[in-house]
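K.L.:
Dropping the structure in here first, questions after.
The values are calculated or read from the model by the stated rules, or taken from the named source; none is laboratory data. Everything numeric here is computed off the predicted structure, so don't read it as measured data. These area figures cover heavy atoms from the full protein model, side chains too; ligands, DNA and RNA do not enter into them. Shrake-Rupley method; radii C 1.70, N 1.55, O 1.52, S 1.80 Å.
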Amino acid sequence: MVVTALSLAMAAGMALVVVKLVREERARSEARVAALGAMSADPVIDSPFTRRQIAVAPAVSPLRRSEQDVRFHDLEIRPSEAAVSSVSSLFAETDQPSPWGRRFAVIGSLAVVVLVIGFAVSGKARPPASAAPGTSVAQQAQPLDTAPLELLSLRHAREENAQRFVISGLVQNPRSGAPLSHVVATAFLFAPDGTFLTSSRAPLDFTTLAPGVESPFVVSVPVTGQVARYRVGFRTEDGRVIAHVDRRGPDALAQK
């Protein structure tokens, strides 16, 4: 959604730039047309002969014009040197700065803004540092496809002075299981009314669990409220859940 919104904003900005450029080009074309129209008009020659002709022409018949009037009239319709020079420079090329410099500058600025925002959004969307590279949230939620671990013993103790709840136990990788490494024990604490209090995690004492190997673990959870029950689980280093089964004796299950 963020990328789509940024694309629409960039498209709208480019549309505004194009509209502005089209308006400037249209105004420039109209100015050229007006200049051409003004230069193509007949020049006005301010001379005594012109003023005299305008004053006498309506009263004199064309048949009575003298040779001198005809010669003067012939001189009137010829353009002056100033008019000829202005017409000769009508189509001369003028050195004007290219407008594409500003256009490229605007386009480059918009591209930089979009890239900066894209990098910021991609940085926020990255997985947390605790997860291994290439793992996603869906992969972390999937359980590990291996034989479940066996929980052999479990104990807990409340340290009032340090306000900690310490959970310790012993877990075994079954003989039919696959070798595991960097297994983490997790603990979740709940209040008497069933609300969640806090959680913590700690690695097993043994870094590698080969099939048939046992490893103790200790999870220390800082807590201030009253703990009514807790839940223990196991995960891999990248956050995937490792299933386990309770293999404790009947006495331990009765106390649970």
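K.L.:
Which one of these does T135 not meet: (1) under 30 Å from G212 (Cα atoms); (2) at pLDDT 75 or above; (3) among the β-branched types (V, I, T)?
P.N.:
(2)
K.L.:
For the stretch 192-209, state whether one or more residues are open to solvent by 50 Å² or more (accessible area, probe 1.4 Å), β-branched (V, I, T) and under 19 Å from D238 (Cα atoms). Please lay out each step first, then the result.
P.N.:
The first filter runs over the stretch 192-209 and keeps only residues open to solvent by 50 Å² or more (accessible area, probe 1.4 Å), leaving 192-193, 195-197, 199, 201, 203, 205-208.
From what is left, the residues that are β-branched (V, I, T) are 195, 207-208.
Restricting the remaining residues to those that are under 19 Å from D238 (Cα atoms) gives 207-208.
Within the stretch 192-209, one or more residues are open to solvent by 50 Å² or more (accessible area, probe 1.4 Å), β-branched (V, I, T) and under 19 Å from D238 (Cα atoms).
K.L.:
Taking into account only those residues within the stretch 210-239 that are more than 45 Å from the chain's Cα centre (by Cα) and of a type in the set (A, V, I, L, M), which is most open to solvent (accessible area, probe 1.4 Å)? Lay out the reasoning, then the answer.
P.N.:
Restricting attention to the stretch 210-239, the residues satisfying the condition of being more than 45 Å from the chain's Cα centre (by Cα) are 210-216, 226-229.
Pick out the ones that are also of a type in the set (A, V, I, L, M) and you get 210, 213, 227-228.
Numbers: A210: 39, V213: 46, V227: 27, A228: 64 Å².
Top of the filtered list is A228.
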